[in-house]
Amino acid sequence: MNRLRQVINASKLGEHGLRLIGTTDIDGKGTTHEIADVDPIVLFDFARFNSRDQLPFRPHPHLGLTAMSFLPVNGTWMAWDSLHGENETHLHAGGLYYVHAGSPAFHHEFPSPETIAAEIDVEFVQLVWNATDEEDVKTVIIQPEDVPVITSENATVRVLAGEFCGVKSVQPFTHRKIIYAYVQLQNGKAVDLQVPSSLRGILFVIEGKLKVNDVTVDEQQMMILGEEDQTLSIANTGTGSVGRFIIAAGEPLNKPFCKLIGLGGFIIGKTEEEVRKRMEGFAVKAEQLKAEIPQHFPAQYL
């Protein structure tokens, strides 16, 4: 089947968030978006909020997936996971935190006390990949100084994961290639970026207005890359601001999977029986965590 280029409008996700990629689970819960043409990406969310805001985040389960969290601008972030507890290292803007959950794990991310006290505007990007073909469980913090950056007169490309623009960054997956990059494009300027034809993926505009090949993509819209988009000729057509956008793509798994939403997160597996049994176990663990680390649960969940 030919992959058709599409422009997707976001759906609201609570008070502060937008969902660009998702799908209903086996019980019909969730937000439906087209995902067949973005395999192996299974979720993509964006949030913009002031750090003084009360946020609904809580420790939540992951299985069969790799979640990558990125802070484009401002602040520092903290992380807790069921593998290592609270990580003392703060993630700084421009860096990447990911949890690779080929096996069961809980994780939680939240603004640092310093960021909350500063009452600053924060952006948060979460990209989730299908990892049902992986077995490792690990969490990694990559600080901004360890992220490769390519700078030209027109654009700056921060290669968060995979190989892009001739440089290599972190590679979480053993079975396939990915691209994950954050690009800043000067006002009125253009750049050509190459995406291998074997990869499927998206371009999401955080700020500005772009002309991508012959398609206009507005702020907070996402373009699903079609088969004709191996070369992305991107022009910043906004007025007076730097265009900022995400590019993400990967080698498809081309395998069916089952998704189950619950406990503030979701898990994926190969069968409905598998994910239901796993979620039952996660529910028991969540009750234990409420007693052990109540400070990480908003009051409505205690």
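Remarks
- Cα convex hull of region 6-258, projected area averaged across orientations, nm²: 13.0
- Its Kirkwood hydrodynamic radius, worked out from the mean inverse distance over all distinct Cα pairs, puts region 141-226 at 14.0 Å.
- Förster-model FRET efficiency, 25 Å R0, L302 and L83, C-beta, rounded to 0.05: 0.60
- C-alpha long axis of helix 272-292 to longest principal axis of the chain, angle in °: 70
- With contacts taken as Cα pairs under 8 Å and at least 6 residues apart, region 6-258 reaches a relative contact order of 19 percent.
- Working from label points 7 Å from Cα in the Cα-to-Cβ sense, the K255 to R3 distance is 1.9 nm.
- Summed over qualifying helices (DSSP H, 4 residues or more, each -39500 (n - 2.57)) and divided by its residue number, the chain shows a 222 nm mean residue ellipticity of -3000 deg cm²/dmol.
- Share of pairwise Cα separations in region 16-163, more than 29 Å, in percent: 17
- The longest part of the chain holding none of the exposed loop GluC sites (Glu not before Pro), meaning those outside H, G, I, E and B in DSSP with at most 11 other Cβ atoms within 10 Å, is 154-302.
- Proximal charge balance of N50 [Cβ under 14 Å; K/R count +1, D/E count -1]: -3
- Residue-span extension gain [T156 to D27] - 0.36 nm each, minus C-alpha spacing: 42.2 nm
- For region 1-60 versus region 124-152, the gap between their alpha-carbon centres in whole angstrom: 18
- Projected label points at S112 and Q288, each 7 Å from Cα along the beta carbon direction, are separated by 3.1 nanometres.
- For region 1-57, the equivalent ellipsoid derived from the Cα gyration tensor has semi-axes of 26, 14, 9 Å, listed largest first.
The numbers here are math on the coordinates, done by the rules we state, and not lab data. Because the structure is a prediction, the values reported are computed rather than measured. Backbone-built Cβ (ideal geometry, glycine too); neighbour counts: all protein chains shown.
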